[in-house]
Amino acid sequence: MACDRSDQERAYALLDLGDEIVHARALQIAAELGIADLLASGPRSSEDLAERTDSDPGALHRMMRLLASRGLFHETGPGVFELTETGGPLRSDHPASVRSVLALAGTVAPLVLGGVRHSLSTGEATFPVVAGEHIYDYMAHHPEHGRLFDEAMRELTRVAAPAVLDAYDFAGVSRIVDVGGGSGALLSAVLHREPGASGVVFDTPGVADSARERIRNEGLTDRCSVVGGDFFREVPPGGDLYVLKWVLHNWPDERATAILRSCRRAMGEDAKLLLIESVLPSDGAPHPGKAMDLSMLVLSGGRERTEEQFAELLAGADLELRRVVPTSSPHSLVEAVPR
Ligand SMILES: C[S@@+](CC[C@H](N)C(=O)[O-])C[C@H]1O[C@@H](n2cnc3c(N)ncnc32)[C@H](O)[C@@H]1O
């Protein structure tokens, strides 16, 4: 049977989709090499970029040409590239920088991509099998990767924070506990918006140490404390709002329930819990969380969840889902209260 025009189009569409992995890898490497920062002061030749990044000029030119075809760079003359507005967030100093996020993806990408088959066969995370420990233990034992991870989370939070602040009214909340709060980027944004509020950033002891410095730099030490600990054991009491942003998706149901139970034990009857997570559509609609879901499986055995799955998870910790508030980012706010 001959391949007709429509078959041909479908075949090429699939091949293009398969090639996205090459584009993604080039993007991650450009982030790792800091190409956009090198172009911050103006166009440079691929020879110049190659010298500064210890690369082969011909090979680098081919990578730049590929990324230019996606609009990140513009070839102003033969082999000379400038950064475009579209590529701007690749710069470290851009207000919406995602350079560390992409560089981090580059360090874990080989594991994620190589690990999908193992996770598919077994249903378990591949990262601990390959690295010998859970991803957060790995980050603690490899400070260089840990720092990149924390910086990546900070960038993602800086990009998402305006959407969260627009979607949720924090006025009237007096003490916020940000559980697994990382560098404190979200809590800092909320406290700057609500001068009457105070808060606690709670994370592992190592991450808490760097968060303390960030909170000091934000000038918030009088309203924000930083506590190191283990959210599977306990979280600080006394908050009237407990926030968990991008925490539950790292964990399978049983472990996620344990975190929620720690929060529930710390919460008074009037306290609220706010999850900031992707809420997957129950139907086949596209959602960025669907790619993250597969990554979570491979990296940590975690998952993205639908509203129904969140409701069930919360119920297992004696909490009731009150409402889901969409934001202008791919993440939604899931508000819950004690049952
Ligand atoms: C995906 S990051 C999200 C960080 C932050 N909420 C944000 O959105 O930027 C998950 C956080 O959970 C923290 N974490 C992991 N295991 C923990 C534990 N056992 N106790 C406390 N925090 C933990 C990690 O250190 C990390 O900062």
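In table form, for the structure just shown:
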{"quantity": "Inverse of mean 1/r across different Cα pairs in the range 162-338, Kirkwood, Å", "calculated": "16.3"}
{"quantity": "Gaussian network model of the chain, springs between alpha carbon atoms under 10 Å - residue of Pro236, Pro326, Pro57 with greatest fluctuation", "calculated": "Pro57"}
{"quantity": "Computed accessible area, Glu194, all protein chains, 1.4 angstrom probe, square angstrom", "calculated": "40"}
{"quantity": "Rough spin-label spacing in nm, given labels placed 7 Å along Cα→Cβ, for Leu17 and Thr122", "calculated": "2.8"}
{"quantity": "Rg in Å to one decimal, and Dmax rounded to a whole Å, for the range 5-90 via C-alpha atoms", "calculated": "14.4, 47"}
{"quantity": "Choice from Ala96, Ala59, Ala160 with maximal GNM fluctuation in the chain (Cα, 10 Å cutoff)", "calculated": "Ala59"}
{"quantity": "Mean projected area in nm² (Cα convex hull; one quarter of hull surface) for the chain", "calculated": "20.6"}
{"quantity": "Using a Förster distance of 56 Å, the FRET efficiency for Ala2-Val337 (Cβ separation, nearest 0.05)", "calculated": "0.35"}
{"quantity": "Mean Cβ neighbour count within 10 Å, used as a protection proxy, ranking 31-40, 115-124, 264-273 highest first", "calculated": "31-40, 264-273, 115-124"}
{"quantity": "Per residue accessible area in Å² of the chain, where ligands, DNA and RNA are left out and the probe is 1.4 Å", "calculated": "50"}
{"quantity": "Cα centre as origin, Lys/Arg/Asp/Glu Cβ charges: the range 5-90 dipole, Debye", "calculated": "180"}
{"quantity": "Span-like helix ranges in the chain, DSSP H, alpha carbon extent 24 angstrom or more, Kyte mean at least 0.5", "calculated": "99-122"}
{"quantity": "Accessible surface of the chain, 1.4 Å probe, proportion on carbon and sulfur as whole %", "calculated": "52"}
{"quantity": "Note, ³J(HN,Hα) from phi for the range 74-87, Karplus 6.51, -1.76, 1.60, rounded to Hz, x at Gly and Pro", "calculated": "10, 7, 7, x, x, x, 10, 10, 10, 7, 8, 4, 4, x"}
{"quantity": "Residue (of Ser210, Ala167, Ala131) at the positive-pole extreme of the range 107-246, dipole from beta-carbon charges", "calculated": "Ala167"}
{"quantity": "Signed unit charges on C-beta, dipole axis of the chain, positive-most listed residue Ala291, His142, His74", "calculated": "His142"}
{"quantity": "Most mobile of Arg154, Arg70, Arg214 in a GNM of the chain (Cα contacts under 10 Å)", "calculated": "Arg70"}
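The values are calculated or read from the model by the stated rules, or taken from the named source; none is laboratory data. Note that the structure is a prediction, hence the values are computed from the model and not measured. All Cβ positions, glycine included, derive from the backbone under ideal geometry; neighbour counts span all protein chains shown. Accessible surface is based on the protein model in full, side chains and every heavy atom, while ligands, DNA and RNA are left aside. Shrake-Rupley method; radii C 1.70, N 1.55, O 1.52, S 1.80 Å.
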